[in-house]
Structures are given as structure tokens and as C-alpha cells.
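Here is the structure we will look at.
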Amino acid sequence: GIEFIDSYAFNKVENIRFNSTVGRYVGYTELGVKNAEAWNKGPQLGQEQAELERFCKPNAALHYR
């Protein structure tokens, strides 16, 4: 399988990450945890899942052919 990771960092510190294997955002700092809670309830989660379907899966299929 493939794994899609979308990571958000500030000053080289990763704050939050979407991981397609987990299927949600995970926070790594105090602010990241707060944002992850909000983003997992908002439209951001659906946007990440749509990006996985739109971009990652078709390109992975081409790569592994």
C-alpha cells in the first residue's frame, strides 16, 4: 500500500501531520494538538482525503505498473 503524509512545520519543528494510514491529523506540539483536533472536525480532513484519491492513488498506480 501507499502512505500519504502532509506535514506542517514552523521553524523546522513539525507541528501537525496528516497521515493517510492513520486517516486523520496528529499534532506534535501544543499548538499542533489543538489544530489537529479542530482540523479533524472541519473541512480540512475531507480535503486531505480527496487529495489522496485525486492525486496519490492514480499516480501510485502509474508508478507500480
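The values are calculated or read from the model by the stated rules, or taken from the named source; none is laboratory data. Predicted model, so just to flag it, every value in this text is computed and none were measured. Glycine also receives a Cβ, built like all others from the backbone with ideal geometry; neighbour counts cover every protein chain displayed. For accessibility, only protein heavy atoms count, side chains too; no ligands or nucleic acids. Shrake-Rupley method; radii C 1.70, N 1.55, O 1.52, S 1.80 Å.
Please compute the modelled spin-label separation between Thr29 and Asn59, points set 7 Å along Cα→Cβ, answer in nm with one decimal.
Rounded to a tenth, the inter-label distance reads 2.7 nm.
Quick one: if you stick a label point 7 Å off each Cα along the C-beta vector at Val22 and Asn40, how many nm between them?
Taking the simple label geometry, Val22 and Asn40 are separated by 0.8 nm.
Just the number please: accessible area per residue for segment 5-64, 1.4 Å probe, all protein chains included, in Å². It would help to have the intermediate numbers written out before the result.
Values: 4240 Å² over 60 residues.
About 71 Å² of surface per residue is accessible.
Helix-derived [θ] at 222 nm for the chain: sum -39500 (n - 2.57) over DSSP H runs of at least 4, divide by residue count, nearest 500? It would help to have the intermediate numbers written out before the result.
Working: 3 runs with 28 residues, N = 65.
The per-residue figure over the chain is -12500 deg cm²/dmol.
Sorted by packing (mean other beta-carbon atoms within 10 Å per residue), highest first, where do 6-15, 40-49, 20-29, 56-65 land? Don't jump to the answer; show the numbers that get you there.
Details: 6-15: 11.9, 40-49: 13.5, 20-29: 15.4, 56-65: 9.9.
Packing proxy ranking, top to bottom: 20-29, 40-49, 6-15, 56-65.
Could you work out the Rg to Rh ratio of the chain, with Rh taken as the Kirkwood radius (inverse of the mean 1/r over all Cα pairs)?
Working: Rg = 12.9 Å, Rh = 12.4 Å.
We get a ratio of 1.04 for the chain.
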